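The values are calculated or read from the model by the stated rules, or taken from the named source; none is laboratory data. Everything quoted here is computed from the prediction, not taken from an experiment. Note that each Cβ is placed from the backbone with ideal geometry, even for glycine, and that neighbours are counted across all protein chains shown.
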Amino acid sequence: MGEGMMEPLLEVRNLTVNFDGFKALDGMNLRLMPSSVRVLIGPNGAGKSTLCDAIIGRVRATSGSVIFQGKEITALPEYEIVRRGICRKFQTPGVLENLTVGENLALSARRHRECWRSFGWSLSGEARMRAEETLELIGLQEKRNQLAGELSHGQKQWLEIGMVVASDADLLLLDEPAAGMSHGESTQTAELIRRLSLRHSFLVIDHDMTFVAQLDAPVSVMHMGRMLTEGTLEEVRKDPQVAAVYLGRIKEVTDACA
Ligand SMILES: Nc1ncnc2c1ncn2[C@@H]1O[C@H](COP(=O)(O)OP(=O)(O)OP(=O)(O)O)[C@@H](O)[C@H]1O
Ligand SMILES: [Mg+2]
């Protein structure tokens, strides 16, 4: 099947979100394909975080629609959207610090919630296998029995990405996942996202153009609640419209591509 015939995983159509008369989203459009990475950039206040909130059902759209796996999800409650396979990860890690790395992963294996209920905290064989597989993916095998609270900031972020992956989400919305990370950690985070994108799709918001370049993925630029332009980082960098909205910040984009 040709690329053009593939059905998008997510489609945002003409989405508008109105906060007391202010349009944080104003006719936003976006299409994401399965097993892909998309970067979303744009100046402060462009509406990037609001877009994620609207996709996951945390803020309500005034008009327009969100279609996920061919089904309208616009008016669904957040828990139902999460159940269907979208997950939003915040900048602050949401790991349970008093549980071990392995326990955190096992807990998030979505398919086995029923098992937890019937067997208390003990793990089913399949959930254990899943947790083990994810540990390997995020490179924390050696830390399996360590308390999550003892991990470094970067490791906590990877654990949280791993938890989302273990939950079997199809689409991960990552809002500034590399914020507060060292250069080495953000390089590893970009690699992790690229590796995981063989099985999951990612919408990644970030201001750090070095990190964005490392993701090596198509870039969408938002401005004033709508899509300004899309393309490779190189194409976007050359776009005079992008230069205009970023003003001083365009230097970062240029530097990252130099
Ligand atoms: N709950 C809210 N009520 C009113 N206005 C809001 C609310 N949430 C966001 N806004 C406004 O909507 C606009 C878009 O905000 P949003 O947080 O989506 O921008 P962003 O692109 O994520 O910016 P940043 O890069 O700084 O994170 C901003 O002007 C913001 O002040
Ligand atoms: Mg934001």
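May I ask you to say which residue of Gly45, Gly64 is of a type outside the set (D, E, K, R), over 18 Å from the mean Cα position of the chain (by Cα) and within 16 Å of ligand 2 (Cβ to nearest atom)?
So the residue among Gly45, Gly64 that is of a type outside the set (D, E, K, R), over 18 Å from the mean Cα position of the chain (by Cα) and within 16 Å of ligand 2 (Cβ to nearest atom) is Gly45.
The conditions are (1) part of a helix (DSSP H, G or I); (2) more than 16 Å from ligand 2 (Cβ to nearest atom), and Cys52 fails exactly one of them. Which is it?
Status for Cys52: all satisfied but (2).
Can you say whether Arg88 is assigned by TED's automatic domain parsing to the domain that holds Leu196, away from ligand 2 (no atom under 16 Å from the Cβ) and in contact (Cβ under 8 Å) with a residue 24 or more places away in the chain, as far as the supplied structure shows?
So Arg88 fails the test.
With the checklist (1) of a type in the set (A, V, I, L, M); (2) within 28 Å of Glu235 (Cα to Cα); (3) without any contact (Cβ under 8 Å) to a residue 60 or more places away in the chain; (4) within 10 Å of ligand 1 (Cβ to nearest atom) in hand, flag the one item Val59 doesn't pass.
(2)
Which condition does Gln91 not pass, out of (1) modelled with pLDDT under 80; (2) in a loop (DSSP other than H, G, I, E, B); (3) buried (at least 17 other Cβ atoms within 10 Å of the Cβ), if it passes all the others?
The number of the failed condition is (3).
Which of the strands (runs of 3 or more DSSP E) found entirely inside the stretch 118-229 contain at least 2 residues meeting this: more than 24 Å from Gly57 (Cβ to Cβ) and touching a helix residue (DSSP H, G or I) at 6+ places or on another chain (Cβ under 7 Å)? Explain how you work it out, then say what you get.
Values: elements: 171-175, 201-205, 219-223.
Result: 219-223.
Determine whether the stretch 72-80 contains at least one residue that is more than 16 Å from ligand 2 (Cβ to nearest atom), in a strand (DSSP E or B) and at pLDDT 95 or above.
Yes, the stretch 72-80 contains at least one residue that is more than 16 Å from ligand 2 (Cβ to nearest atom), in a strand (DSSP E or B) and at pLDDT 95 or above.
Report yes if some residue within the stretch 2-13 is in contact with a Lys or Arg (Cβ under 8 Å, 6 or more places away or on another chain) and in a loop (DSSP other than H, G, I, E, B); otherwise report no.
Yes: one or more hits.
Determine which member of the set Asp239, Asp206 is closer than 30 Å to Val101 by Cβ and either in the same structural domain as Gln69 (by TED's automatic domain parsing) or modelled with pLDDT of 95 or more (or both).
On inspection, the qualifying residue turns out to be Asp206.
Which of the numbered conditions does Leu173 fail, given that it passes all the others? Conditions: (1) at pLDDT 90 or above; (2) within 16 Å of ligand 2 (Cβ to nearest atom); (3) surrounded by fewer than 21 Cβ atoms within 10 Å (Cβ to Cβ).
Here Leu173 meets the rest and fails (3).
Quick check on the stretch 20-42: of everything there that is over 18 Å from the mean Cα position of the chain (by Cα) and not in a strand (DSSP E or B), which residue is farthest from ligand 1 (Cβ to nearest atom)?
Going through the qualifying residues, I end up with Gly21.
Out of the residues in the stretch 222-236 that are surrounded by 15 or more Cβ atoms within 10 Å (Cβ to Cβ) and charged (D, E, K, R), which is nearest to Val12 (Cα to Cα)? Outline the logic, then answer.
Taking the stretch 222-236 and keeping what is surrounded by 15 or more Cβ atoms within 10 Å (Cβ to Cβ), we get 222-231, 233, 236.
Restricting the remaining residues to those that are charged (D, E, K, R) gives 226, 230.
On the way: Arg226: 11, Glu230: 15 Å.
In this case the residue turns out to be Arg226.
What are the residues in the stretch 139-153 that are more than 20 Å from Asn98 (Cβ to Cβ) and in contact (Cβ under 8 Å) with a residue 24 or more places away in the chain, if any?
Across the stretch 139-153, the qualifying residue is only Gly139.
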